[in-house]
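Read the structure below first, then the notes.
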Amino acid sequence: MKILQPIEMAVAWLMVQFHKLWTFVGLDHDSGWTWALSIVGLTVVIRALLIPLFVKQIRAQRGMQMIQPEMKKIQQKYKGRSDSASRQAMAQEQMELYKRTGTNPFSSCLPLLLQMPIFFSLFRVLNALPDIASGKRTMGALNADLAASAQQSSIFGAPLSSSFMSTDVTQVKIVTVILIILMSVAAFMSSRQALMKNMSAEALDNPMAKQQKMMMWILPGIFAVTGVNFPIGVLIYWLTSNVWAMCQQFFIIRNMPAPGTEAAKAYEERMRRKGKWKEPEKPTPATTTEPRTGQRQQPKRKSRQQRGGTIPGPKGTAPNKPSDGDGGGKSGGSNPGRKIPGPKGAPKKPGDNK
């Protein structure tokens with residue numbers, strides 16, 4: 001395929017550069033472990049370049065979790081309707097929800113889709129080793145001598161360019177089965193920790209989560225059926241990629257869990273034990289009254305005479321009228337309606353108590 005030729009050249013160049021690095025470190029030039037580690041180095045570079053897409057994948061998964069309540073309402077709205085008009089209307093409302101919330105259900109597939117061309121390019125490079133070694137074909141930095149070295153290299157007696165179905169060598173079959181089991185376990189653990197630890201109860205109760213649970217059990221079977229047709233070098237790439245994904249998933253779930261999940265509760269407990277947990281700020285309710293800016297001033301206590309509005313004079317004299325500034329009534333000094341007490345001992349007039 002001509003469309004894969006640039007990717008094949010890049011894959012071959014990376015393998016050669018890592019082979020030079022491991023040879024410089026001191027590994028055997030023709031050892032199968034040297035070429036196997038070169039494939040591991042190639043995988044690490046590819047996965048590191050895909051980290052931004054992995055971040056998008058995590059955000060997409062969390063966005064899908066957040067909109068699950070609204071998605072469930074749409075599904076309940078059209079529950080039991082199997083006509084084409086209802087299905088079209090439901091799909092349209094779901095697409096509007098994705099557009100409004102900025103989520104994309106296909107973002108979680110991007111890392112896998114972008115790895116597929118690299119995966120098939122490595123497959124083609126390993127299959128082309130005999131032609132490159134004989135001079136029938138060229139592959140950029142991978143010259144005839146390096147191709148012959150890679151073709152003859154093996155691990156545990158199994159050549160890197162051989163597959164389970166292409167040979168009757170027992171070592172090849174054993175190594176192939178072990179690699180398939182290991183990469184199946186890595187893929188299973190990665191899917192399980194994402195489902196069980198980093199998804200809320202509401203997110204688990206939806207068709208997409210149920211499909212992921214099914215895929216968690218189906219993937220090992222897919223690896224077993226397809227893995228027997230790929231060279232051991234490709235299985236090493238596949239295993240390294242799955243282990244990288246599992247470790248990357250574990251790091252994200254442990255340090256940046258989705259809210260409302262088991263991983264978030266475990267993260268909070270760890271931070272509390274370390275004394276680093278900060279309680280989330282709660283929004284303060286809005287008030288209509290203006291806040292008080294100072295201490296309330298207490299009123300001064302008045303005497304009985306001041307409350308009565310008169311100032312008594314000496315014994316036997318009429319009380320004086322308060323002046324304008326003495327706290328009396330209106331200007332003029334008199335306070336109509338109030339009774340002016342007389343001197344001590346003065347007899348009360350009839351009707352004073354009325």
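Here is how the numbers come out for the structure above:
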item	result
Unique residue being touching a Phe, Trp or Tyr at 6+ places or on another chain (Cβ under 6 Å) and either modelled with pLDDT of 85 or more or surrounded by fewer than 19 Cβ atoms within 10 Å (Cβ to Cβ) (or both) when the list is MET165, MET90, MET95	MET90
Check on LYS213, part of a helix (DSSP H, G or I), modelled with pLDDT under 90 and over 28 Å from ILE3 (Cβ atoms)	yes
Qualifying positions in the stretch 241-264 - among the hydroxyl-bearing types (Ser, Thr, Tyr) and either at pLDDT 85 or above or touching an Asp or Glu at 6+ places or on another chain (Cβ under 9 Å) (or both)	SER241
Identity of the residue in the stretch 17-38, β-branched (Val, Ile, Thr) and surrounded by fewer than 20 Cβ atoms within 10 Å (Cβ to Cβ), that ends up farthest from ALA158 (Cα to Cα)	VAL25
Residue among ASP168, ASP145 that alone is acidic (Asp, Glu), farther than 30 Å from GLY63 by Cα and assigned to a helix (DSSP H, G or I)	ASP145
Any hit, the stretch 74-86, residues being of a type in the set (A, V, I, L, M, F, W, C), within 28 Å of LYS197 (Cβ to Cβ) and either modelled with pLDDT of 80 or more or not in a helix (DSSP H, G or I) (or both)	yes
Any chance ILE132 is touching a strand residue (DSSP E or B) at 6+ places or on another chain (Cβ under 8 Å), part of a helix (DSSP H, G or I) and buried (at least 18 other Cβ atoms within 10 Å of the Cβ)	yes
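The values are calculated or read from the model by the stated rules, or taken from the named source; none is laboratory data. Since this is a predicted model, take the numbers as computed values, not measurements. Please note: Cβ atoms are built from the backbone with ideal geometry, for glycine as well, and neighbour counts cover all protein chains shown.
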